[in-house]
Amino acid sequence: KPAPNDLRAFWMPFTANRQFKASPRMLVEAKDMHYTSADGRPILDGTAGLWCCNAGHCRPKITEAVRAQVGEMDYAPAFQMGHPLAFELANRLVDVAPDGIDHVFYTNSGSEAVDTALKIALAYHRARGDAARTRLIGRERGYHGVGFGGISVGGIVNNRRFFGSLLNGVDHLPHTHLAENAFTRGQPEHGAHLADDLERIVALHGAETIAAVIVEPMAGSTGVLMPPKGYLQRLREITRKHGILLIFDEVITGFGRLGSPFAAQHFDVLPDMITCAKGLTNGVIPMGAVLTTPAIHDAFMQGPEHVIELFHGYTYSGNPVSCAAAIATLDTYEDEGLLTRAARLEHHWQEALHGLRDHPNVIDIRNMGLIGAVELSPIDGEPAKRGFEVFKRAYEEGILIRVTGDTIAMSPPLIISEDQIDELIGTLGRVLKAVA
Ligand code: PMP
């Protein structure tokens, strides 16, 4: 039998832990803003787990709700029977969703929420007699999970190049990361015109073939890229003009990251669907959802003769334990004002983060709400080396950050205090100096 820390027994494709070989980093406990490492050290969580523990760790209300529900009713067969918590949660979600969104489909993850939204888009057009609308449009550097739908519309070539053609008929808009956006505080001023590329794609294939556009309103895991001012508005105008659905993938931006429940409210743009997961249950238990509009719901429900034969749902969608966790999570967000807290902390966060700009290896800093990125120059032209060194050293110094390549991303739990922001960024500053 392999030893418990033998990495051969566990495929850890996403984690820098692979590079630690025989001594992987192990976390054994978590409470509020901190993890405890296996060697007993407190680790300040600068990433809310993986952008998901928005209310911090092991919050009593959520923990208790899960415990109680597991004891009361563990499972209800989703396709045959309902249970009250699924309805209660749907109503709670609609309450915090943008006006104009009033229906919920449950999934178990962000990847599944993306697949579900893409299927709903195609089914919606079909229900309206537009069966030819099957093309999908994503964006370069978009991340939409690891399902076949998500990697097809996703804009990371490396994630899809092993898998052939994937979904047929997918185009990608240009990404919105312009070089002149260096050290931007909030949204870049310029770049809204990049949305106009959608008109080129429409002209190429014909609007009557295009089902939906999917974008992260603010690209998270590919480097925290803010949409330029007016960009999302322009995407909405063009999609509306051509009868194309607009999907916001809010798996990271959902549940308060930018200072409002969803980015759709923050940017004041109403999409046709929102995908969410992560912060929905505070990371405690897997769950995702697609939130959508009456127009989409009504297309399915316009009468028995029109209802299309769509089979869709997961064994665990809306299961009682996930619903209990999500309701307690929403209660916690509400009780503690967490869905708007990022807006109150944004200025402090921004100033602390941009205080790092004088480090010689820092080439860009971006921030919004309670999310930010620090981009580093590569060591000796070798990509990801400095990023890994910084990640390693940061963990030794007691902070958890996320590194992709040479970009450091941070998205702390929304309960973080101003002092803890200073501690997080101060420690990162010392680490940057040490990894010169
Ligand atoms: N969409 C976005 C925007 C994400 O950030 C992620 C996860 N990082 C996903 C989808 C996939 O979610 P999951 O890992 O829960 O499948």
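FYI, it's all coordinate maths here, none of it is from the lab. Here the structure is a predicted model, which means the values were calculated and not measured. Note that we place each Cβ from the backbone using ideal geometry, even for glycine, and neighbour counts take in every protein chain shown.
Couple of notes before you dig in:
- Charge dipole (Cα centre; +1 on Lys/Arg Cβ, -1 on Asp/Glu Cβ; no other charges) of segment 342-436 amounts to roughly 160 debye.
- Net charge of the neighbourhood of Y316, taken over other residues with C-beta under 14 Å away and scored Lys/Arg +1, Asp/Glu -1, is -2.
- Cα-derived Rg over Rh, computed across the chain with Rh taken as Kirkwood radius: 0.96
- Kirkwood-Stokes translational diffusion coefficient of segment 204-312, alpha-carbon pairs, 25 °C, 0.890 mPa s, µm²/s: 160 µm²/s
- Debye equation applied to the C-alpha atoms of segment 281-436, log10 I(q)/I(0) at 0.18 Å⁻¹: -1.05
- Per-residue Cβ neighbour rank within 10 angstrom, fewest leading, V213, V70: V70, V213
- Charging the Cβ of each Asp and Glu at -1 and of each Lys and Arg at +1, and nothing else, the dipole of segment 64-335 about its Cα centre rounds to 820 debye.
- Given charges at Cβ of Lys, Arg, Asp, Glu: the chain dipole, positive-most of I214, G71, I296: I214
- Placing unit charges on the Cβ atoms of the charged side chains and taking the dipole of the chain about its Cα centre, the candidate lying farthest along the positive direction among L178, H266, V284 is L178.
- Summarising the overall dimensions of segment 65-123 from its C-alpha atoms, the Rg and Dmax are 13.7, 40 angstrom.
- The alpha-carbon of K433 sits under 14 angstrom from the alpha-carbons of these aspartates and glutamates, leaving out residues fewer than 8 places away in its chain: D358, E389, E397.
- Applied to segment 280-293, the Karplus parametrisation 6.51 cos²θ - 1.76 cosθ + 1.60 on θ = phi - 60° returns per-residue 3J(HN,Hα) values of 4, 10, 6, x, 6, 8, x, 6, x, 7, 10, 9, 8, 9 Hz, with x for Gly and Pro.
- Nonlocal amide H pairs with A212, under 5 Å, H built at 1.01 Å: I137, L245
- Within a Gaussian network of the chain (alpha carbon springs, distance under 10 Å), most fluctuating of P24, P261, P98: P24
- Whichever aspartates and glutamates have a C-alpha closer than 18 Å to that of K119, once near sequence neighbours (fewer than 8 apart) are set aside: D130, D171, E208, E216, D249, E250, D272, D298, E309
- Label-to-label distance, nm, for residues given as M81 and I156 (7 Å Cα→Cβ offset): 4.0 nm
- 3J(HN,Hα) along segment 373-378, derived from phi through the Karplus expression 6.51 cos²θ - 1.76 cosθ + 1.60 where θ = phi - 60°, amounts to 9, 10, 9, 10, 6, x Hz, with x in place of Gly and Pro.
- Virtual paramagnetic centre 7 Å along Cα→Cβ of E189, amide N under 17 Å, in segment 196-236: 227-231
- Residues of segment 273-301 falling in the label zone of E72, defined by backbone nitrogen less than 19 Å from a point 7 Å along Cα to beta-carbon, are 281-282, 284-286.
- Comparing mean-square fluctuations of R366, R236, R92 from a GNM of the chain with C-alpha springs under 10 Å, the top value falls on R92.
- Annotation: the antiparallel percentage among DSSP beta bridges lying fully within segment 64-335 is about 40.
- Volume per residue that the Cα convex hull of segment 143-217 spans, once the total is divided by residue count, Å³: 117 Å³
- Farthest toward the positive end of the dipole of the chain, out of G149, G230, G355, is the Cα of G149, where the dipole comes from beta carbon charges about the Cα centre.
- Over the chain, dividing the summed -39,500 (n - 2.57) contributions of all DSSP H runs of at least 4 residues by the number of residues returns a 222 nm mean residue ellipticity of -10500 deg cm²/dmol.
- Listed values for segment 212-223 are Karplus-derived 3J(HN,Hα) couplings in whole Hz (6.51 cos²θ - 1.76 cosθ + 1.60, θ = phi - 60°), namely 7, 10, 10, 9, 7, x, 9, 5, x, 6, 8, x, and x replaces Gly and Pro.
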